[in-house]
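A.B. asks: Below are the structure tokens for one structure; questions will follow.
Any read-out appearing in this document is the output of simple, stated calculations on the displayed coordinates, not a laboratory observation. It should be emphasised that the depicted structure is a prediction, and the values quoted were computed from it without experimental measurement. Note that each Cβ is placed from the backbone with ideal geometry, even for glycine, and that neighbours are counted across all protein chains shown.
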Amino acid sequence: MFNLLAPWQRGQIHYRAADNYYQIKITIIRLYFYMKETQLDRLLLLWSEERLTNPWLEDRTSSDRVRWKNIKAGKVEIRGVEIEEIGKLFPEYKMWLAYGEELPEAGQISPMTKKAQRTLKNQPKAG
């Protein structure tokens, strides 16, 4: 019989390990979204990585917060105009958001690449 409780619920691992488990799980979910091909999936990843909010988007785009809420929930499809507006807000993600491709030499990257660059920049140098 399978035990449906998570390891930390069974008291087998320390709380800190449970935290790490969640971090790994979140990373896997983000990578899953990163590998998907639709613009909506890429927008959701951007939304997560840049911590976007509906009111913030409403102030900077022509769509209202209810529209952004429905896009995030998957109730409506994203329009080309909205992709263009997000591209204007985040010019470094424009190509990735529209086509799912990166061109680092031209400054066109994904949120995951930006995160990796920040991580590498903050690491201490060996030596």
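A.B. asks: Roughly speaking, what is the stretch gain from LEU120 to ALA73, that is 0.36 nm per residue apart minus the C-alpha to C-alpha distance, in nm to one decimal?
C.D. replies: Values: separation 47, 0.36 × 47 = 16.92 nm, distance 3.31 nm.
Separation in residues times 0.36 nm, less the Cα-Cα distance, equals 13.6 nm.
A.B. asks: Please compute the modelled spin-label separation between TRP56 and ALA98, points set 7 Å along Cα→Cβ, answer in nm with one decimal.
C.D. replies: 2.4
A.B. asks: Return the loop-located trypsin sites (Lys or Arg not before Pro) in region 73-127 (DSSP other than H, G, I, E, B) with at most 10 other Cβ atoms within 10 Å of their own Cβ; answer none if there are none. It would help to have the intermediate numbers written out before the result.
C.D. replies: Working: sites: LYS75, ARG79, LYS88, LYS94, LYS114, LYS115, ARG118, LYS121, LYS125; in loops: LYS75, ARG79, LYS125.
Here the trypsin sites (Lys or Arg not before Pro) that fit, given the DSSP loop and packing criteria, are LYS75, LYS125.
A.B. asks: Can you list residues whose amide H is under 5 Å from GLN108's amide H, if they're 5+ apart or on another chain and H is modeled 1.01 Å from N?
C.D. replies: LEU103
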